[in-house]
1. In segment 113-135, how many are in a loop (DSSP other than H, G, I, E, B) and touching a strand residue (DSSP E or B) at 6+ places or on another chain (Cβ under 9 Å)?
2. Name the single residue that is farthest from Asp162 (Cα to Cα) among those in segment 124-135 being surrounded by fewer than 20 Cβ atoms within 10 Å (Cβ to Cβ) and of a type outside the set (Ser, Thr, Tyr).
3. Leu196 fails exactly one of the following numbered conditions: (1) surrounded by 12 or more Cβ atoms within 10 Å (Cβ to Cβ); (2) over 15 Å from the mean Cα position of the chain (by Cα); (3) at negative phi; (4) in a loop (DSSP other than H, G, I, E, B). What is the number of that condition?
4. So which residues in segment 136-166 are assigned to a helix (DSSP H, G or I), surrounded by fewer than 17 Cβ atoms within 10 Å (Cβ to Cβ) and without any contact (Cβ under 8 Å) to a residue 24 or more places away in the chain, if there are any at all?
5. Select from segment 53-89 the residues that are assigned to a loop (DSSP other than H, G, I, E, B) and either surrounded by 14 or more Cβ atoms within 10 Å (Cβ to Cβ) or of a type in the set (Val, Ile, Thr) (or both) and list them in ascending order.
6. For Thr197, only one of the following conditions fails: (1) modelled with pLDDT of 95 or more; (2) closer than 21 Å to Thr60 by Cα. What is its number?
7. Got a number for residues in segment 25-70 being under 13 Å from Leu142 (Cβ atoms), of a type in the set (Gly, Ala, Ser) and in contact with a helix residue (DSSP H, G or I) (Cβ under 6 Å, 6 or more places away or on another chain)?
8. Which of the numbered conditions does Ile46 fail, given that it passes all the others? Conditions: (1) touching a residue at least 60 places away in the same chain (Cβ under 8 Å); (2) in a strand (DSSP E or B).
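The values are calculated or read from the model by the stated rules, or taken from the named source; none is laboratory data. Please read all numbers here as calculations on a predicted model, not as lab measurements. Every residue, glycine as well, gets a Cβ built from its backbone with ideal geometry; the counts of neighbours run over all protein chains shown.
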Amino acid sequence: MKIIIVRHGQTKENVRKIVQGSRNRLDRVGKKQAKALARALRHEKIDTIYASDFVRSQETTREIALHHPRAKVIYTKDLREKNMGFFVGRSLLKHKVARVKSGLPFYKFRTPRGESLLDVQKRVVAFYKRLTKTPKKETILLVSHQGPIVSLLLHLLKKPFDRYERYRMENTAITVISIDAKRKSRIHHLAKSDHLTETGLK
């Protein structure tokens, strides 16, 4: 089994460092990134696409799916970005101040009506385990967000959350994983962004 994981294209909130919710859309650059990503993946034989049901992920997915008309597309809550609860629409700085005041490790801090990064990791790892329970000879694409992707990678690489910043990735970065018959995961490409460099978007 081959799993390709990509982050959605850029939004204006990414640039302005604003906490996002479910409805934020790709900006002009994000749309160009999504098209470049779609071209970079056009030769892959993708069987199924699982994507976050947030708008920015759906927009990115639709660009990719244009090159893979036979691929089944499934939008799922399991790949959503961390729910920041009360802080949606507010600055990331305000969220950071609240986290520091809490005295909790950043990955355990849970906002009112929201999730912690640890919650996100549990959610996305459970999804990944269901997905790879019986590895098949197919290629699956996951379209998600920074939090779920990095949290999953830390789990697969057996790294602690204090390595989180090291694995941050650009919008539309590509990671490729293979799963063998014994369900062992191997990362072949990590956060590749050649398609952005080649198109002048980096």
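1. First pass over segment 113-135, keeping only residues in a loop (DSSP other than H, G, I, E, B): 113-116, 132-135.
Filter once more, so that each one left must be touching a strand residue (DSSP E or B) at 6+ places or on another chain (Cβ under 9 Å): 132, 135.
Selection size over segment 113-135: 2.
2. Looking only at segment 124-135, we keep the residues that are surrounded by fewer than 20 Cβ atoms within 10 Å (Cβ to Cβ), and these are 125-127, 129-135.
When the remaining residues are screened for being of a type outside the set (Ser, Thr, Tyr), the result is 125-127, 129-131, 133, 135.
Working: Val125: 18, Ala126: 21, Phe127: 23, Lys129: 23, Arg130: 26, Leu131: 27, Lys133: 28, Pro135: 31 Å.
Checked segment 124-135; the qualifying residue farthest from Asp162 (Cα to Cα) is Pro135.
3. So Leu196 meets the others, but not (4).
4. Matches in segment 136-166: Asp162, Arg163, Glu165, Arg166.
5. Scanning segment 53-89 gives Asp53, Phe54, His67, His68, Ala71, Arg80, Glu81, Lys82, Asn83, Met84, Val88.
6. Checking Thr197 against (1) modelled with pLDDT of 95 or more; (2) closer than 21 Å to Thr60 by Cα, the one that fails is (1).
7. Here the count works out to 2.
8. Here Ile46 clears every test but (2).
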